[in-house]
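Remarks on the structure that follows.
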Amino acid sequence: MAILAISFGIWLWKAFGFSGAWLHYKLAFIVLLIIYHLISGKLLLNTIKNKPFKNNVALRLFNESSLLIVIPIIYFVVSKNA
């Protein structure tokens, strides 16, 4: 699903010719979001293998950190013409 979303994103980028500093910032946060999902997959595999988590609080903070990545992405897209 992520590969499909990235493919459509690149297609839209090339089709509409978006440019500007906001796009570079947005793409940097998208890379962070991809890294977040890769780490989440690793945690899921550890759960399947019955490896315990080191700290429940850290896991909760990690869960909420995706919001700190998504909010700037939305902000950059909404305010690109402002």
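May I ask you to evaluate 6.51 cos²θ - 1.76 cosθ + 1.60, the Karplus curve with θ = phi - 60°, for each residue of the range 60-77 and list the ³J(HN,Hα) values in order in whole Hz, giving x for glycine and proline?
Each residue of the range 60-77 in turn: 5, 5, 4, 4, 7, 5, 4, 5, 5, 8, 6, 4, x, 4, 5, 4, 5, 6 Hz.
What does the helix-only formula give at 222 nm for the chain: each DSSP H stretch with n ≥ 4 adding -39500 (n - 2.57), the total divided by the residues, and the result rounded to the nearest 500 deg cm²/dmol?
Helix contribution divided over all residues of the chain: -28000 deg cm²/dmol.
Which residue, I73, H24, L4, has the largest displacement toward the positive end of the dipole of the chain when charges sit on each Cβ (Lys, Arg +1; Asp, Glu -1)?
Comparing the listed Cα positions along the dipole, L4 ranks first.
Just need the relative contact order of the chain here, percent rounded to a whole number, with Cα pairs under 8 Å and 6+ apart.
In percent, rounded to a whole number, it is 51.
Let me see the P(r) profile for the range 18-78: every Cα-Cα distance counted, bins of 5 Å, each bin given as a percent of all pairs.
Using 5 Å bins, I get a P(r) of 4, 17, 22, 20, 13, 10, 7, 5, 2, 0 for the range 18-78.
Computed from the coordinates by the stated procedures, all read-outs in this text should not be read as laboratory data. What you see is a predicted model; the values in this text were computed from it and never measured. Positions of Cβ are backbone-derived with ideal geometry, glycine not excepted, and every protein chain shown enters the neighbour counts.
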